[in-house]
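Colleague: The structure is given below, and queries will be raised subsequently.
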Amino acid sequence: MITQSHIVDLPTPTGIMRTYVHRPADNKQYPAILFYSEIFHQTGPIERAAKIMAGHGYAVLVPEVFHEHNPIGTVLGYDDTGRDKGNADKAAKDVQGYDSDNQAMIAFLKQQPWYSGKVGAMGFCIGGHLAFRAALQPEIAATACFYATDLHTNVIPNKPNQHSMDRLAEIKGEMLMIWGKQDNHIPTAGRALVYQKLTEANLSFTWHEFNAQHAFMRDEGERYDSQAAMLGYELALQLFARAFN
């Protein structure tokens with residue numbers, strides 16, 4: 001399926017959020033996916049991943065997740081400088097800003113003639129957590145989280161009921177949780193804790209662990225695992241096909 005891409009700058013309570021839209025080239029109606037990047041924003045690997053999903057019949061929105069702390073159009077490098085800046089942005093952003101970002105994208109979708117009315121979320125690394133956060137919105141029918149960081153840690157001290165794991169009762173859609181067993185950011189005990197919490201909350205979810213490292217979906221760098229990545233895309237496509245039927 002041939003795709004097209006364009007940019008929209010969406011107003012949010014915390015400022016303008018540049019959002020990249022990748023969708024089929026025709027003008028038919030399609031379900032949408034809120035697609036969350038790593039801390040680096042829409043890099044080449046993230047753009048290619050979003051276009052893979054768009055090419056299977058989805059309108060894919062990639063927001064600049066730290067728009068409050070960067071000039072519009074910022075893309076950080078996969079190096080120490082980019083990593084330090086992205087982690088600083090993550091620490092500086094108020095978690096409630098992610099909720100208003102999600103609401104802004106959903107409101108935008110509802111105004112588009114090419115939107116079918118069904119929406120899910122997907123993301124890698126911190127984007128896996130932000131996709132999980134998007135699942136708190138009642139419109140989200142399904143969510144694919146790839147090696148979601150910080151779900152197993154209390155990253156919002158002294159702010160009860162703001163951590164994503166404190167709000168599991170709000171998640172209504174199906175969840176797909178994908179991890180790498182050799183991920184040094186999310187230890188075995190951390191994954192086990194997340195599994196336990198999702199089970200106790202009686203969520204509808206599937207769980208997959210690959211023999212892979214953190215960022216194995218990123219098609220640049222030495223941690224990329226093309227076989228695991230293809231399986232990951234297939235699992236996500238199966239999830240959205242079920243949820244949007």
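The values are calculated or read from the model by the stated rules, or taken from the named source; none is laboratory data. None of the values given here were measured: they were computed from a predicted structure. Cβ coordinates were reconstructed from backbone atoms using ideal geometry, including for glycine residues, and neighbour counts include every protein chain displayed.
Colleague: Quick check: anything in region 125-133 within 15 Å of residue 33 (Cβ to Cβ), part of a helix (DSSP H, G or I), out of contact with any helix residue (DSSP H, G or I) (no Cβ under 6 Å at 6 or more places or on another chain) and not hydrophobic (A, V, I, L, M, F, W, C)?
Modeller: There is at least one residue in region 125-133 that is within 15 Å of residue 33 (Cβ to Cβ), part of a helix (DSSP H, G or I), out of contact with any helix residue (DSSP H, G or I) (no Cβ under 6 Å at 6 or more places or on another chain) and not hydrophobic (A, V, I, L, M, F, W, C).
Colleague: Of the numbered conditions (1) in contact with a Pro (Cβ under 7 Å, 6 or more places away or on another chain); (2) buried (at least 24 other Cβ atoms within 10 Å of the Cβ); (3) not in a helix (DSSP H, G or I), residue 118 fails exactly one; give the number of that condition.
Modeller: Condition (2) is where residue 118 drops out.
Colleague: Follow-up. Is one or more of the residues making up region 54-64 at pLDDT 95 or above, out of contact with any Cys (no Cβ under 9 Å at 6 or more places or on another chain) and farther than 23 Å from residue 244 by Cα?
Modeller: Filtering region 54-64 down to residues at pLDDT 95 or above leaves 54-64.
From what's left, out of contact with any Cys (no Cβ under 9 Å at 6 or more places or on another chain): 54-64.
So of that shortlist, the ones also farther than 23 Å from residue 244 by Cα come out as 64.
Yes, region 54-64 contains at least one residue that is at pLDDT 95 or above, out of contact with any Cys (no Cβ under 9 Å at 6 or more places or on another chain) and farther than 23 Å from residue 244 by Cα.
Colleague: State which residue is surrounded by the most Cβ atoms within 10 Å (Cβ to Cβ) when the search covers only region 206-223 and only residues that are part of a strand (DSSP E or B) and of a type in the set (Phe, Trp, Tyr). Before you say what the answer is, go through the steps one by one.
Modeller: Quick first cut of region 206-223, residues part of a strand (DSSP E or B) only: 206-210.
Now restrict to residues that are of a type in the set (Phe, Trp, Tyr): 207, 210.
Details: 207: 14, 210: 19.
Taking the candidates together, the pick is 210.
Colleague: Does region 187-199 contain any residue that is aliphatic (A, V, I, L, M), closer than 21 Å to residue 49 by Cα, in contact (Cβ under 8 Å) with a residue 12 or more places away in the chain and crowded, with 18+ Cβ neighbours inside 10 Å? Give the steps one after another, and end with the answer.
Modeller: Let us first name the residues in region 187-199 that are aliphatic (A, V, I, L, M), namely 189, 192-194, 198.
Imposing the further condition that a residue be closer than 21 Å to residue 49 by Cα reduces the set to none.
No, region 187-199 contains no residue that is aliphatic (A, V, I, L, M), closer than 21 Å to residue 49 by Cα, in contact (Cβ under 8 Å) with a residue 12 or more places away in the chain and crowded, with 18+ Cβ neighbours inside 10 Å.
Colleague: Name the residue that is surrounded by the most Cβ atoms within 10 Å (Cβ to Cβ), counting only residues in region 1-38 that are in contact with a Lys or Arg (Cβ under 7 Å, 6 or more places away or on another chain) and under 20 Å from residue 65 (Cα atoms). So that I can check it myself, show each step before the final result.
Modeller: Initial filter on region 1-38 (in contact with a Lys or Arg (Cβ under 7 Å, 6 or more places away or on another chain)): 3-4, 7, 9, 22, 30-31.
If we keep only those that are under 20 Å from residue 65 (Cα atoms) as well, we get 7, 9, 22.
Values: 7: 11, 9: 12, 22: 25.
Among them, the one singled out is 22.
Colleague: Also: Take region 126-145 and flag every residue that is over 8 Å from the mean Cα position of the chain (by Cα) and over 17 Å from residue 244 (Cα atoms).
Modeller: 133, 136 - these are the residues of region 126-145 that are over 8 Å from the mean Cα position of the chain (by Cα) and over 17 Å from residue 244 (Cα atoms).
Colleague: Looking at (1) touching a Pro at 6+ places or on another chain (Cβ under 8 Å); (2) acidic (Asp, Glu); (3) farther than 29 Å from residue 44 by Cα, which one does residue 200 not meet, given that it meets all the others?
Modeller: (1)
Colleague: Now for a separate question. Go through region 93-124 and give me each residue that's touching a helix residue (DSSP H, G or I) at 6+ places or on another chain (Cβ under 8 Å) and among the aromatic types (Phe, Trp, Tyr).
Modeller: Within region 93-124, 98, 115, 124 meet the criteria.
Colleague: Can you tell me which residues in region 74-106 are among the small types (Gly, Ala, Ser), surrounded by 13 or more Cβ atoms within 10 Å (Cβ to Cβ) and either free of Cβ contacts under 8 Å to residues at least 40 places away in the same chain or part of a loop (DSSP other than H, G, I, E, B) (or both)? Before you say what the answer is, go through the steps one by one.
Modeller: If we filter region 74-106 for residues that are among the small types (Gly, Ala, Ser), which is where we start, we get 77, 82, 86, 88, 91-92, 97, 100, 104.
Narrowing further to those that are surrounded by 13 or more Cβ atoms within 10 Å (Cβ to Cβ): 82, 86, 88, 97, 100, 104.
Matches in region 74-106: 88 only.
Colleague: Check region 88-95 and report whether any residue there is under 17 Å from the mean Cα position of the chain (by Cα) and either of a type in the set (A, V, I, L, M) or farther than 22 Å from residue 151 by Cβ (or both).
Modeller: yes
Every residue, every condition in (1) under 18 Å from residue 230 (Cα atoms); (2) at pLDDT 95 or above, yes or no:
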position: 146; (1), (2): yes, yes
position: 150; (1), (2): no, no
position: 161; (1), (2): no, no
position: 165; (1), (2): no, no
position: 172; (1), (2): no, yes
position: 175; (1), (2): no, yes
position: 206; (1), (2): yes, yes
position: 211; (1), (2): yes, yes
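Colleague: Suppose we filter region 43-73 for residues that are more than 15 Å from the chain's Cα centre (by Cα) and either surrounded by fewer than 23 Cβ atoms within 10 Å (Cβ to Cβ) or among the basic types (Lys, Arg) (or both); how many remain?
Modeller: Qualifying residue count, region 43-73: 10.
Colleague: Every residue in region 10-37 that is in contact with a helix residue (DSSP H, G or I) (Cβ under 6 Å, 6 or more places away or on another chain) and outside any strand (DSSP E or B), please.
Modeller: 13, 14, 37
Colleague: Within region 157-205, can you find the residues that are among the small types (Gly, Ala, Ser) and part of a strand (DSSP E or B)?
Modeller: Pass one, region 157-205, residues among the small types (Gly, Ala, Ser): 164, 169, 173, 180, 189-190, 192, 201, 204.
Scanning region 157-205 gives a single hit, 180.
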